[in-house]
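Let me begin by presenting the structure, written as structure tokens, before commenting on it.
The values are calculated or read from the model by the stated rules, or taken from the named source; none is laboratory data. Only a predicted model underlies this, so the values are computations on that prediction, with no experimental measurement involved. In this analysis, Cβ positions are derived from the backbone assuming ideal geometry, glycine residues included, and neighbour counts consider all displayed protein chains.
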Amino acid sequence: MFQVYQPSGRFSLLAIPLVGIGAVLVVAAAYVYQLGLEWIPFIYVNVLLTWVMAMLIGKTTEYVIHIGHVRNIALCLLFFALVVVAGLGAKFGFQYMHARISLESELANMTQSELRIEADPPLTYEEMKEVRQEIMAGFSFVDHIEMRVANGWNIGRANAPITGPFVYLVWVVELGIILYFGSAIALAAVRKPYSEKRNRWADSVTIEMTLPITNPLMVAKISSAKSVQELLELPIPDTDQSNKIAVYEVHSVPNSPEEDAYLNVDLQTHSVNAKGELEVAHEFLVKLAIITAAQRAQLKENSELMQEALAAYRASVANPPTEPTGDQASTDD
């Protein structure tokens, strides 16, 4: 079987301070995130805000991986986890801080009777001040969580908050959205091909060929290839028209034609949905097969020959040969 790219497990020490900087940026974003959750207390809007936060966390981790030359999947997941903890921890921390500020403001305007303090004679100003300080000192993060669970969220336009255990479920969904979308971005980044010889990402992408897939045997030929040479022996399409196209995509180090490259074969199926919109489904028949410079040149040559054959086919369909008439046949005789 042909070789495929695998991350080497290496990384640059620069990634360590970078993840700290990334965490600080995500903490700042978490402040805006929790403000959005407070200002727009509708759960369907909260889901959108959470998705944006997930994308930000994923992109932050992606930046650390790219600049820090991280080719280690375990380290990537660790960095991602640290950024997630920083983001969600900051979000709950900012919410707790705002809750304390709001409580302190409310207490400043509450009288002895409103605080349900029975005392005769009435408490002095200094005594009331001490009571308020004691209440603030006793307001813990756990109290804050219980208060949020009691308040809940509004769904839709109806002023009917959903409270209790449902709130914990919302937080689980929030974490799930962030882990799912954010980790997808981070893992895609760390799995991108990297040239250990050049110490550079192979982030130059070239479409070397688009091959119409006109029968299942063509897919089977590509999928069953046991060597790069077999991959380069292109199956012949029956026609140049098909809703299935095999896209031969090469990832390489920029301006390094002599270096190894990495070949994807992406089977794209084009269709139109009920709304009349074009949809494209992707299925990778080959994922990051390592090809040499000579093999890439051969692929390019095969692609050019294939395109010439398809062009000739299209020309023959557009201008079919004419059948000789009876008079012409007699004249020829």
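Odds and ends about this structure:
- Residue list for the stretch 167-216, restricted to those being under 30 Å from residue 241 (Cβ atoms) and among the hydroxyl-bearing types (Ser, Thr, Tyr): 206, 210, 214
- Residue-level check: of (1) out of contact with any Asp or Glu (no Cβ under 6 Å at 6 or more places or on another chain); (2) more than 30 Å from residue 316 (Cα to Cα); (3) of a type outside the set (Lys, Arg), residue 189 misses just (1).
- In the stretch 256-277, of all residues being surrounded by fewer than 16 Cβ atoms within 10 Å (Cβ to Cβ) and within 22 Å of the chain's Cα centre (by Cα), the one that is farthest from residue 231 (Cα to Cα) corresponds to 269.
- Any hit, the stretch 294-307, residues being surrounded by 13 or more Cβ atoms within 10 Å (Cβ to Cβ), modelled with pLDDT of 95 or more and touching a strand residue (DSSP E or B) at 6+ places or on another chain (Cβ under 6 Å): no
- Any hit, the stretch 258-275, residues being modelled with pLDDT of 90 or more and among the basic types (Lys, Arg): no
- Of the residues contained in the stretch 256-273, none is found to be touching a strand residue (DSSP E or B) at 6+ places or on another chain (Cβ under 9 Å) and on the phi > 0 side of the Ramachandran plot.
- Pairs, first more than 19 Å from residue 221 (Cβ to Cβ) in the stretch 279-292, second assigned to a loop (DSSP other than H, G, I, E, B), C-beta under 8 Å, six or more apart: 279/273; 288/5; 288/193; 290/2; 290/3; 290/5; 290/260; 292/260
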